[in-house]
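In what follows, a single structure is set out as structure tokens and then discussed.
The values are calculated or read from the model by the stated rules, or taken from the named source; none is laboratory data. Everything numeric here is computed off the predicted structure, so don't read it as measured data. Using ideal geometry, Cβ is built from the backbone for each residue, glycine included, and neighbour counts are taken over all protein chains shown. We work out accessible area using only protein heavy atoms, side chains counted, and drop any ligands, DNA or RNA first. Shrake-Rupley method; radii C 1.70, N 1.55, O 1.52, S 1.80 Å.
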Amino acid sequence: MARLAFPVLGRHCRTLRDITKAAPRVSGPPLHVICRTTHGGVVKTLSYDLYEGRTPAPPLVLLHGLFGSKSNFQSIAKALVRKTGRKVLTLDARNHGSSFHSDIITYHAMSADVRQLLQQLDIPSCVLIGHSMGGKTAMSLALQETQLVERLVSVDISPSPTTPQSGFPQFIKAMQNIHLEGKMPRSAARRLADKQLSAFVLEPAVRQFLLTNLVQENESFKWRVNLEAIANHLQDLLDFPEFHNPYPGPTLFLGGANSPYISSENYPDIERLFPCANVEYIEGAGHWVHAERTQDFINAICTFLEVSPSQT
């Protein structure tokens, strides 16, 4: 684990230590819910899982990145319930997982989805933890509705525009070019899709991540993500909305030491919008910090929750 100072803010990152306090085991599966929301007069659905905790502290809300889903955080959510005692909420963003599809996918729209869900669940305040696209969604909500966000964690993303080095344009093109014809087992479909993806996506781990979105429907296979909407709004997702008023709450930018998404070039934007922010890097992790260094990720979140606002 690397702990690097954030020279722009003049703060040093705190030591990340393993949380070893005993906590009761979480019994039973999470509550799977389809939450009814209204968009443009049409009732849509937002899918989420609720992991019950034992304390009244504000719940943790986990937001996945582009091409992800709430299932990315399943084991992490259970671990966070055990270690913190808090409720944990994981959700599928619009055009992802089991949530509704929409022609619009922007940070204003996605942050409004989260805000409406919190209101429906009667959650007056939460800890927002978002990875990549989910991190920008979390930042957008915190900057608009500061009272809803007790603390904020942005995982390997900053409030600066993301450059095309992300590879996402290539991912979309590769997924759009997949052809799976005829009846076949799911395992065979995944192998064929993986072979076709390999022409555009060299990293096997990234291909496997993208293939989590390949689902079977009526003996045929399709992508559960709305590729057309994502392609049409990709620049919106790479950019970040303009905000003028900062979020005053405790904030952690948790990056992968091997990832370029939080660099010194982003520090001025972080300082301007999140004046109570610390930046930490997890050694040995790339962009998918929570998947590559899961225990370090969990420890960092738990340590951040334990520090009083006056110490940030």
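Assorted remarks:
- Of all residues in segment 267-280, those that are among the aromatic types (Phe, Trp, Tyr) have Cβ atoms under 7 Å from Cβ atoms of residues that are modelled with pLDDT of 95 or more and open to solvent by 40 Å² or more (accessible area, probe 1.4 Å), 6 or more apart or on another chain, in PHE274/PRO246.
- Index of the failed condition, ALA231 passing every other in (1) aliphatic (A, V, I, L, M); (2) open to solvent by 30 Å² or more (accessible area, probe 1.4 Å); (3) in contact with a Phe, Trp or Tyr (Cβ under 8 Å, 6 or more places away or on another chain): (3)
- Some residue of segment 126-139 being touching a residue at least 60 places away in the same chain (Cβ under 8 Å), assigned to a helix (DSSP H, G or I), touching a Ser or Thr at 6+ places or on another chain (Cβ under 7 Å) and not aliphatic (A, V, I, L, M): yes
- Some residue of segment 63-70 being open to solvent by less than 20 Å² (accessible area, probe 1.4 Å), assigned to a strand (DSSP E or B) and modelled with pLDDT of 50 or more: yes
- Answer residue from segment 206-225, given it is in contact (Cβ under 8 Å) with a residue 12 or more places away in the chain and loosely packed, with under 14 Cβ neighbours inside 10 Å and is farthest from the chain's Cα centre (by Cα) among those: GLU219
- Residue in segment 179-190 that is more than 24 Å from GLU292 (Cα to Cα), touching a residue at least 40 places away in the same chain (Cβ under 8 Å) and surrounded by 13 or more Cβ atoms within 10 Å (Cβ to Cβ) present: yes
- Those residues of segment 47-62 which are of a type in the set (A, V, I, L, M) and either at positive phi or surrounded by 24 or more Cβ atoms within 10 Å (Cβ to Cβ) (or both), in sequence order: LEU60, VAL61, LEU62
- Matching residues, segment 98-123, being outside any loop (DSSP other than H, G, I, E, B) and either aliphatic (A, V, I, L, M) or more than 16 Å from the chain's Cα centre (by Cα) (or both): ALA109, MET110, ALA112, VAL114, GLN116, LEU117, LEU118, GLN119, GLN120
- Cβ separations smaller than 6 Å between residues 6+ apart or across chains give the following pairs from segment 141-154 residues that are open to solvent by less than 10 Å² (accessible area, probe 1.4 Å) and outside any strand (DSSP E or B) to residues that are among the hydroxyl-bearing types (Ser, Thr, Tyr) and modelled with pLDDT of 95 or more: LEU141/SER111; ALA142/TYR247.
- SER75 out of contact with any helix residue (DSSP H, G or I) (no Cβ under 8 Å at 6 or more places or on another chain), assigned to a helix (DSSP H, G or I), over 17 Å from LEU254 (Cα atoms) and of a type in the set (S, T, N, Q): no
- Each residue in segment 172-200 was checked for being among the aliphatic types (A, V, I, L, M) and at pLDDT below 90, and 3 pass.
- Some residue of segment 283-303 being over 19 Å from the mean Cα position of the chain (by Cα) and either farther than 19 Å from LEU62 by Cα or buried (at least 20 other Cβ atoms within 10 Å of the Cβ) (or both): yes
- In segment 197-219, the residues that are of a type outside the set (Gly, Ala, Ser) and in a helix (DSSP H, G or I): LEU197, PRO204, VAL206, ARG207, GLN208, PHE209, LEU210, LEU211
- Taken over segment 90-148, the criterion of being within 21 Å of GLU242 (Cα to Cα), of a type in the set (Asp, Glu) and touching a His at 6+ places or on another chain (Cβ under 9 Å) is satisfied by ASP113 alone.
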